[in-house]
Amino acid sequence: MARVVVIGAGVGGLAAAARLAAQGHRVELHERSDTHGGKLGEYRRDGFTFDTGPSLLTLPQVFTDLFAATGDPAPLAFEPVDPVCGYRFADGARLDMPHDPAAVPAALDAALGPGRGAAWQALYERSARLWDLVGEPVLHRPLRARDLARFSTRLRDLQMIAPWRTLRGLGEALLPDPRLRAWFDRYATYSGSDPRRTPSVLSVTPYVEQRFGAWWVPRGLRRLGDALLDRCHELGVAVHLESEVVEITTCGRGVSGVRLADGRTVPADVVVSDADAAVVYGHLLRRPSGLGTRLRTAVARTALRRAPASVSGFVLLLALDGEGNGAPAHRIWFPAEYDAEFDALFRRPAPVPDPAVYVHAPADPALAPAGAEAWFVLVNAPPHDSSPTSAHGVDWDAPGLRERYADRVLEVLARRGEDVRDRIRWREIRTPADLERDTAAPGGAIYGTASHGPLAALLRPANRSPVPGLFLVGGSAHPGGGLPIVALSAKIVADLIGPA
Ligand SMILES: Cc1cc2nc3c(=O)[nH]c(=O)nc-3n(C[C@H](O)[C@H](O)[C@H](O)COP(=O)(O)OP(=O)(O)OC[C@H]3O[C@@H](n4cnc5c(N)ncnc54)[C@H](O)[C@@H]3O)c2cc1C
């Protein structure tokens with residue numbers, strides 16, 4: 001039995017703690033904030049309840065497997081979301097994407113014109129083959145250079161993965177309709193990236209959403225975090241909230257434990273960090289022992305400093321008078337010029353002037369008082385950067401900016417035909433700076449670093465760190481962000497550590 005310390009009670013940390021405790025290890029978890037869940041947050045006020053982070057779950061089987069591997073297989077119910085999302089395009093076209101993938105081509109033809117369904121079906125089938133090829137080795141195991149080498153020596157695999165091709169390039173080659181291409185481009189942002197620079201292998205993201213469906217947890221996705229915390233308690237994990245780790249300590253053999261903000265040290269044989277990888281390599285690991293380890297740590301730190309940050313999000317929580325009109329619970333309004341958004345996110349950081357706007361208005365009576373609705377509004381935003389030049393982001397704490405930009409987002413929504421300004425009882429604004437304060441993710445970047453360039457997958461921080469006994473889980477490490485992917489990182493790490 002190893003003594004394991006887990007840093008952070010995000011989904012990655014909770015899932016790792018539960019798996020390692022179920023494998024027979026003695027696990028204690030330290031979380032700096034006063035609550036669990038990390039980015040899977042919740043806000044309650046005056047009878048309204050909002051998920052402040054995720055609002056759509058894909059690959060629920062990952063969580064079913066996690067719960068089954070650690071105890072009661074079904075502590076939660078997952079409900080299908082149908083339609084998955086209502087897409088509203090700048091020219092007025094409306095596409096309600098069905099949950100059933102077999103119904104998608106006809107929906108595309110009806111909304112966007114004949115031939116659109118067949119074009120997407122061809123790309124869907126291509127992505128299915130890609131998923132069969134890369135899904136297992138990339139998402140379920142540490143990424144090994146030899147897997148990538150194997151792909152690159154088989155010509156057919158290499159042509160399929162085409163690391164030199166971007167998501168944008170693939171969309172331009174196979175999708176004839178600019179609205180369909182905008183929809184496809186958006187999936188790059190689900191890993192915090194720019195479709196013009198992210199590899200085309202990310203075409204598996206819309207495929208996975210359709211093939212395995214989009215899901216919701218009644219009373220909010222936050223219930224998933226509650227169920228994971230309960231599971232940790234059932235398995236005897238000692239969970240310490242308001243307990244910040246300020247250093248990962250090492251000795252000759254590797255990791256030796258952690259030091260807490262109150263000065264106490266906690267010895268450990270294994271440390272699993274759910275803190276952002278940039279925080280691990282930039283702050284928590286001071287001077288690991290051993291020249292080789294120090295060198296490899298320095299390489300990881302430098303790579304992270306050079307990598308572009310993923311996008312963050314600007315969120316409005318709206319307590320609205322009046323009830324829903326039967327529109328899909330999830331909707332996205334696209335701008336006329338989508339590239340201007342990617343330029344503002346990645347080239348010349350600025351609040352996006354005319355952003356794509358995502359709204360989640362759950363039709364769940366538990367989440368709002370009678371006669372009212374709780375809306376979560378999200379637009380992509382550059383990360384927070386309060387340095388004098390703000391070269392890598394935006395100073396979201398600049399006086400007046402949050403209120404001004406909130407007004408702007410509501411005005412954009414109104415211009416696109418959804419004016420709710422006279423229904424607002426109150427609003428709560430969450431900027432990337434707030435996300436950074438809440439979760440310690442640098443700049444409030446949601447997915448750590450952006451996945452840009454042909455080697456993006458290889459350059460992502462590995463689950464096994466150069467320091468023996470120190471492992472990384474969570475959205476900033478391999479295989480990436482998003483609830484199920486983060487939970488898979490916990491499985492990879494638990495498999496690497498092995499049973500007691
Ligand atoms: C607005 C928004 C919308 C999203 N929408 C979706 C969606 O619809 N679907 C989806 O699947 N995903 C979505 N995501 C992404 C998803 O929320 C994340 O990928 C996932 O929750 C990240 O989990 P994590 O465990 O990696 O990290 P986090 O949730 O960031 O958890 C890290 C934890 O570590 C703690 N910590 C950090 N440093 C220390 C330290 N030194 N000591 C102790 N504790 C520390 C933090 O306080 C935090 O609790 C969204 C995220 C956001 C913000």
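The values are calculated or read from the model by the stated rules, or taken from the named source; none is laboratory data. The structure displayed is predicted, hence computed values, not measured ones. Cβ: placed from backbone, ideal geometry, glycine included. Neighbour counts: every protein chain shown. What goes into the accessible areas is simple: the full protein's heavy atoms, side chains included, and nothing from ligands, DNA or RNA. Shrake-Rupley method; radii C 1.70, N 1.55, O 1.52, S 1.80 Å.
Laid out as a table, the results:
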| item | result |
| --- | --- |
| Rounded Å value of the spacing that divides the Cα centres of the stretch 344-410 and the stretch 430-473 | 21 Å |
| In Hz, Karplus ³J(HN,Hα) per residue of the stretch 96-109 (6.51, -1.76, 1.60; θ = phi - 60°; x = Gly, Pro) | 9, 6, x, 5, 7, x, 5, 8, 5, x, 5, 5, 5, 4 |
| Sum of -39500 (n - 2.57) over DSSP H runs of 4+, divided by residues of the chain (222 nm, nearest 500) | -10500 deg cm²/dmol |
| Order by protection proxy (mean Cβ within 10 Å, highest first), peptides 402-412, 463-473, 211-221 | 463-473, 211-221, 402-412 |
| Whole-Å semi-axes of the ellipsoid equivalent to the chain (Cα gyration tensor, √5λ, descending) | 35, 27, 23 |
| For the stretch 406-418, 3J(HN,Hα) per residue [Karplus equation, 6.51 cos²θ - 1.76 cosθ + 1.60, θ = phi - 60°, Hz, x = Gly/Pro] | 4, 4, 4, 4, 5, 5, 4, 4, 5, 4, 8, x, 10 |
| Stretchable slack from T302 to R94, in nm (0.36 nm times residue separation minus alpha-carbon distance) | 70.4 nm |
| The stretch 260-323 - Debye-derived log10 I(q)/I(0), Cα point model, q = 0.16 Å⁻¹ | -0.73 |
| Nearest-20 debye value, the chain charge dipole, Cβ charges on Lys, Arg, Asp, Glu | 2040 debye |
| Counted charge near P351, where neighbours are those whose Cβ lies closer than 15 Å (Asp, Glu -1; Lys, Arg +1) | -4 |
| Accessible solvent surface per residue of the chain, calculated while the other protein chains remain in place, 1.4 angstrom probe, Å² | 40 Å² |
| Charge dipole (the chain, unit charges on Cβ, about Cα centre) - positive-most of A366, I429, L123 | L123 |
| Order by protection proxy (mean Cβ within 10 Å, highest first), peptides 354-360, 16-22 | 16-22, 354-360 |
| Charge context of A363, other residues only, Cβ under 10 angstrom, K/R +1, D/E -1 | -3 |
| L496-R146 FRET efficiency (beta carbon distance; Förster radius 25 Å; 0.05 resolution) | 0.95 |
| Amide H contacts of A372 (H built 1.01 Å from N, under 5 Å, at least 5 apart or other chain) | G322 |
| Kirkwood hydrodynamic radius of the stretch 166-300, from inverse mean 1/r over distinct Cα pairs, in Å | 19.1 Å |
| Dipole-positive endmost among G322, G13, T249 within the chain (Cβ charges, Cα centre) | T249 |
| Neighbour-limited loop hits for trypsin sites (Lys or Arg not before Pro), the stretch 244-299 (at most 14 other Cβ within 10 Å; DSSP other than H, G, I, E, B) | R253, R264, R286 |
| Contour minus Cα-Cα distance for D364 and W426 (0.36 nm per residue) | 20.4 nm |
| The stretch 301-384 - charge dipole about Cα centre, Lys and Arg +1 at Cβ, Asp and Glu -1, debye rounded to 20 | 720 debye |
| Whole-percent carbon and sulfur share, accessible surface of the chain, 1.4 Å | 52 percent |
| Inter-part distance where the stretch 209-250 and the stretch 310-343 are each reduced to a Cα centre, Å | 26 Å |
| Among A441, A391, L401 the positive-end extreme of the charge dipole of the stretch 357-441 (Cβ point charges) | L401 |
| With Cα atoms, 0 to 90° folded angle of helix 116-139 axis to the chain main axis | 0 degrees |
| Dipole magnitude of the stretch 49-95, debye to nearest 20 (Cβ charges: Lys/Arg +1, Asp/Glu -1, about Cα centre) | 200 debye |
| Calculated FRET efficiency for the pair D230/L291, C-beta based, R₀ 60 Å, to 0.05 | 0.85 |
